[in-house]
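A.B. asks: Here it is: the structure, laid out below.
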């Protein structure tokens, strides 16, 4: 079926199960948009996003839905796919970095540790660039109440939240004052962000604690990476459904 230019994918109220599934998934994702406190807390969000787009696939099978798909919706999907792909690549890079760091610590390789810090600095710049692109995408998403626009909005919000978490909190104090603060007022174990913990353990030369932390962190990153791959495949499937209408 030909695409209809200039018309948004707004669905009329319906008792169809796919509509209810979409509404429920969207509601749950919106209610969980608060900042995540750990890598593992993103798993539910990403899986919820996949469920959201699975319900959209079901809706696109309905004849009256196929008639109101717009070219704009298909174009938006390219932007969303690119964003998801970029975040997935950054997660994969983070996983490789922490694995390389673990190997360096085991070998007591100072050069490898410095290489991690250099790579982390470079990654932060890449994350900041991706965040800017995501925020531009968010501002380009029209608020017309359409289901695809609503889905794109929560998807971009989730990806932005994940990138912000990967970026970590910037520390403005000098290394000495920061280390002193950690030693006297706060344990590294109390720091929530896993990425910040790595840098804190390195600064305090706590190798055993760092190794245990990296092992857990590597496992969590692996799961997030697999979840992102899953939602990426789902987004491709949904885009194919859009193109086939």
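A.B. asks: I'm trying to understand the selection: among the residues of segment 59-97, which are at pLDDT 90 or above, surrounded by fewer than 21 Cβ atoms within 10 Å (Cβ to Cβ) and more than 22 Å from residue 215 (Cα to Cα)?
C.D. replies: Listed by number, the residues that qualify are 81, 82, 85, 86.
A.B. asks: So which residues in segment 177-197 are over 16 Å from residue 90 (Cβ atoms), at pLDDT 90 or above and crowded, with 18+ Cβ neighbours inside 10 Å?
C.D. replies: Just the residues of segment 177-197 that are over 16 Å from residue 90 (Cβ atoms), to begin with: 177-192, 196-197.
Still in the list and also at pLDDT 90 or above: 196-197.
Within segment 177-197, 197 is the sole residue that qualifies.
A.B. asks: Is it the case, given these coordinates, that residue 226 is more than 18 Å from residue 104 (Cα to Cα), surrounded by fewer than 20 Cβ atoms within 10 Å (Cβ to Cβ) and without any contact (Cβ under 8 Å) to a residue 24 or more places away in the chain? It would help to see each step written out before you state the result.
C.D. replies: On the way: more than 18 Å from residue 104 (Cα to Cα): yes; surrounded by fewer than 20 Cβ atoms within 10 Å (Cβ to Cβ): yes; without any contact (Cβ under 8 Å) to a residue 24 or more places away in the chain: yes.
For residue 226, the condition - more than 18 Å from residue 104 (Cα to Cα), surrounded by fewer than 20 Cβ atoms within 10 Å (Cβ to Cβ) and without any contact (Cβ under 8 Å) to a residue 24 or more places away in the chain - is met.
A.B. asks: Regarding residue 174, is this residue at pLDDT below 95 and either loosely packed, with under 12 Cβ neighbours inside 10 Å or touching a strand residue (DSSP E or B) at 6+ places or on another chain (Cβ under 6 Å) (or both)?
C.D. replies: On the way: at pLDDT below 95: yes; either loosely packed, with under 12 Cβ neighbours inside 10 Å or touching a strand residue (DSSP E or B) at 6+ places or on another chain (Cβ under 6 Å) (or both): yes.
The answer is yes for residue 174.
A.B. asks: Taking the residues in segment 229-243 that are touching a residue at least 60 places away in the same chain (Cβ under 8 Å) and farther than 13 Å from residue 84 by Cα as candidates, determine which candidate is surrounded by the fewest Cβ atoms within 10 Å (Cβ to Cβ). Even if it seems obvious, please write down each step before you answer.
C.D. replies: Residues of segment 229-243 touching a residue at least 60 places away in the same chain (Cβ under 8 Å): 229-232, 234-239, 241-243.
With the extra rule that they be farther than 13 Å from residue 84 by Cα, the set shrinks to 237-239, 241-243.
Values: 237: 14, 238: 22, 239: 18, 241: 18, 242: 22, 243: 11.
Step by step, filter segment 229-243, then rank; the result is 243.
The values are calculated or read from the model by the stated rules, or taken from the named source; none is laboratory data. Since the model is a prediction, treat every value here as computed from it, not as a measurement. Please note: Cβ atoms are built from the backbone with ideal geometry, for glycine as well, and neighbour counts cover all protein chains shown.
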